[in-house]
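> I am attaching a structure below and will ask some questions about it afterwards.
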């Protein structure tokens, strides 16, 4: 009953096998190897983006921060949701990699940026006024930190606003696979066709050990990205092992099967929770469920060994058994129906 | 015949097995797992340093730059050899992580910092003069970029000078294992007992996939290091896979066996080169040989598929067959006697 | 009728004279001169703070950003009002000088930080959690950007909250003189006795050419400040000319007479506006008035040559003569009763 | 007998008068005033550079560091002489403003960069190799820190090398006026016609209080410069007072008269020193003399109140009266023939 985070899961067997295969023999370091080149080609093909440039790194924070470093000058302003991972959970890595840009926070339901909020923020911005940080980029998370997925139309609407203000669009795709698996749109429709300039495509939370791809649909910033990656210490010498993971993950649709499984487990969990009478608080577009249960249920689940977070984390779970408590549950490629059913049993009491 | 670099080798089987074992099941992310804790304990024990703090990262550049970020303020001056990896090969990562410190370059044979050169530089320094970058740290490489190893006494002599000037000492130990295997001194004698404050212990070049440990012998900077690592995007969510590599590498002396093998292959190669009449240019204290051969030999080796670098890289290999050319050869845990002997055969012509 | 900003005024004659006197002869550069030492002593005495360290710079942005650089690490979080000058008007200078800290914005009437808002923000903060930027400092403006002044008790209440969370307190005192002249509290009561650790005391807006003093009540960060000032290019070689201004400004209470005059002109203006039936929107604690007038009045004033800003700046002054428009008026040491009365006449129509 | 530095002099009367005139009345802040616009026009005319953009700041360090920030990315390499002010005396301000670029040091007589040294450094550079900091800019000082002036041909030769490597050229012109006054070449010949892209034109050491102009001959980086200046805290609100100084300084050739006077005083001093039998060590192309005198002479001069620096500063003036000691003497617009003659008298004993 491990629902604390999808990054607490292990490695999918197909990826592990690929690492083993790659481990033998020599290969030129720093990405000058066949596997890395193959990943680049595979992603270009998958995204129908023949000019895209693809770079591998080991963490989502590195992917996001390096990408934003290419999009915003030090005096830039990056618009993002106030729940965004880049704002909440990366210890100011974007500020570090941009050289001190500002994150300008925008509200919106389910951690989706609202078009109205973005419009209002852009109206208030003062491009060309030297006293003010300059509008530089829009960053959106797919799926969001509250488990919702933007539709291609929603992405396009935000991108259009950004484009009109001259801003490139970054997508934190740590759970891009879950969103694609859910919505059934093509990778291209969910990214560059909807106006995304840079996608950070995460495999780590969905079956990899440590593998994230930064996809620059506009190749003009490619060399700068390479320098930033090296300078940030993110250019692996034995890059082929990151590439091997990513290749195996994308091979024959595995990535969508793994993500689809996580989503299905989330659906099963959400349905059971709702059936139990507890409230599911957000759309379950990906592999996360936010629910309001009772303190009695929480205590029971804890006692039974279930692992998950209170969300928001600052809650104090005090009071009688009927007091409400809000929790976050995350499923993964490794979640089993058994895990889910056992959780629901304990919840039911 | 792959002698281009030790980072072009693969992964030792013991480490690969450890990854497979770690891949099953769930574990809390970001280093809050049993394997990570076990590595920390193992290293404290191995280095006889019960108060040391140990942090894992994925690249040597990250290890060095994060460590130096903890040792030098933005206005600091870090003394290092002009051939040091941190100066030559990290695309100003130390400058990035320190917020703009200066690397002050010192000469010395075999890429070892000479005590006289360090003394002179420290005399010229102007601590307390606001116009001048302030002396902040000493950084030495073990083994050096020219394949030499400092003895514990040599390290202690440099550390003493640093200490008198109030400077902490950083050791880039990307090939620390090779130096220890060669000199037979204990890890403690080669590090904190000789005055080293922070050791970046590299496993990647010696059998790991991507695993480096930063060992803070002085724990007072531990929390700062953790923040810097996260902010740099170097805190792996599935940290246990880095830990699994490092644990297996240190287990039962494997690290010294792997390094000792690389050293032995280097000795065999060096002896053969010398026997052939070509000059071996530097001490072979680790797993690197710098040699002067003829252009004819070079052409023959290239034609036979041998991989290595001209060193210095800027050489133009032009001229007659008797023209000299200088090359660098690097062995690794994966080099075989066959590789070596075949190389020597082709060299002999 | 120049009410656009107090920084559009000239230089008070006493300060100009002092510059003339200082211009003759030689003096050691970089603050190693008698006038600079005299300013330091004068400010220590005036603030009853014998251990304070005093540093002169030429702009308010430099003063604030250098001070915050000493208070917050790069991964820090600085709490300030969302209308604060450091957030709105310094083009991310605090982010530059801190190496990428975050400004966390708090609301509150009249651009004063509310204690409730600060408490809530501190509760949400996650000190010790490596994923989150770390609480580092509180910054308040005296007077605020909406012309209100904190009482010593209000400052103390905020400082207490900050202190409990381990945060030092920075005061942007670009209009500190106006607040002191208004409230009649002593400089010490308005600063360190109320818990302020660093005060940026501005003279430029109140009669100087370019002179700001950073007062470190806690001298432990003095040397770091000196290095940061030099490294930022803010250590004037002919420092005595900044010192001459500041000395003359503080001499014999001139600073409070100049500020008191600006305040009195603001009162006269506010009283006249209110008498005219237009609304004065914020307390007039310093030398700024925010008022709602009609578009007809605005057009008349513009035609008569009055200079002031619409506030908020994004307003579009369109519509009929009775449409409302909100404006900001700033008085200064150089504002004359004539200026004020002429403005009121035109306003009255 | 004040020969410690030209920045220990006061303010030329013409500039002081200009400040007085500017002090009355109101003017829009931040450079949106007539005086600032007039300076820009004046400098464009003087340099025959109608497209140049001109920005005023208050210190030479700010001018240099802001300019270099526009020329080099964070991962750049700036070639300069190892005696350059930007390397020796600015506490790593260039590293701060560039975000961590490297200064690559080149030797050369009289603190002039030698073309051979620059060529060699450029050959060693590895543009396009991601492991290495990337060649980004050349910086030269006119006059140099050892009092020599580059001829236009010498500048052009270095610029040509830089241009071939794709590098823009920065000139630290803190004593540009002295060099122009000496060589008689036009400002254009000494700057953009010889390949200089950005000139930092210093007035402070030659009669101003605090006034430096950054001249961007290539206007494409103008907006970036403006943002960097503001973000660095170097955009003065009452900019007209910097402009007033610069205008008066350039008016009717005053700048060259002031510089010419300083040079003449240096000549008189150098001639006297040489006549006394002491050695003048470097060419006296500007207002600095480096001389070797005896310790006896030094003691006598000190006793008589002469102010100057030992150079290099690290010398220990110990020994008998005949022991040699090397000193630096700097004249200024304010040096009188009397000062010089008195110095020579004491020297003669």
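> Classify the protein assembly as shown from the C-alpha gyration tensor, please: rounded if a/c falls under 1.5, else prolate or oblate depending on whether a/b exceeds b/c.
Taking the square roots of the gyration eigenvalues as a ≥ b ≥ c, the protein assembly as shown is oblate.
> For region B:46-73 and region D:194-268, what is the separation of their C-alpha centers, rounded to whole Å?
46 Å
> Within 10 Å of each Cβ in D:56-64, how many Cβ atoms from other chains are there, averaged over the peptide?
For peptide D:56-64, the averaged partner shielding equals 5.
> Beyond 26 Å, what share of the Cα-Cα pairs of region B:192-349 remains, rounded to the nearest whole percent?
Value for region B:192-349 (Cα pairs over 26 Å): 44 percent.
> What residue among B:79, B:308, B:97 shows peak mean-square fluctuation when chain B is described by a Gaussian network model with Cα springs under 10 Å?
Of the options given, B:308 has the highest mean-square fluctuation.
> As a test of the formula, what do you get for chain C when each DSSP H run with n ≥ 4 contributes -39,500 (n - 2.57) and the sum is divided by the residue count, at 222 nm and rounded to the nearest 500 deg cm²/dmol?
Calculated mean residue ellipticity at 222 nm is -12000 deg cm²/dmol.
> For residue C:296, which inter-copy label distances result when the label point lies 7 Å beyond Cα on the Cα-to-Cβ vector, reported in nm to one decimal and in ascending order?
6.9, 9.4, 10.6
> Using only atoms on other chains, find how many Cβ atoms lie within 10 Å of each Cβ of peptide B:2-11 and report the average.
Mean shielding by partner chains, rounded to a whole number: 6.
> Also, quick follow-up: Take D:160, A:300 and order them by how many other Cβ atoms sit within 10 Å, fewest up front.
D:160, A:300
> Across the residues of B:237-245, average count of Cβ atoms on other protein chains within 10 Å?
Across B:237-245, the average partner-chain Cβ count within 10 Å equals 5.
> Another one. May I ask for the distance between the Cα centers of region C:76-117 and region D:271-349, given as a whole number of Å?
Here the two parts' Cα centres lie 53 Å apart.
> If you project the alpha carbons of region B:293-349 onto the principal axes, what extent comes out on each, in Å, largest first?
33, 24, 14
> In A, who owns the beta-carbon nearest the axis carrying A over to B, and how many Å from it?
Closest Cβ on chain A to the axis mapping it onto B, in Å: A:58, 3.
> First measure r as the distance between the Cβ atoms of residue A:338 and residue A:295, then evaluate 1/(1 + (r/R0)^6) with R0 = 25 Å and state the FRET efficiency to the nearest 0.05.
That gives a FRET efficiency of 0.45.
> Computed FRET efficiency, Cβ-Cβ of residue B:321 and residue A:224, R0 56 Å: what is it to the nearest 0.05?
In this case the efficiency is close to 0.80.
> Separate question: Using only the alpha carbons of chain A, what is the convex hull's orientation-averaged projected area in square nanometres?
Averaged projected area of chain A's Cα convex hull equals 17.8 nm².
Computed from the coordinates by the stated procedures, all read-outs in this text should not be read as laboratory data. This structure is a prediction, so every number in the text was calculated from the model and none was measured. Positions of Cβ are backbone-derived with ideal geometry, glycine not excepted, and every protein chain shown enters the neighbour counts.
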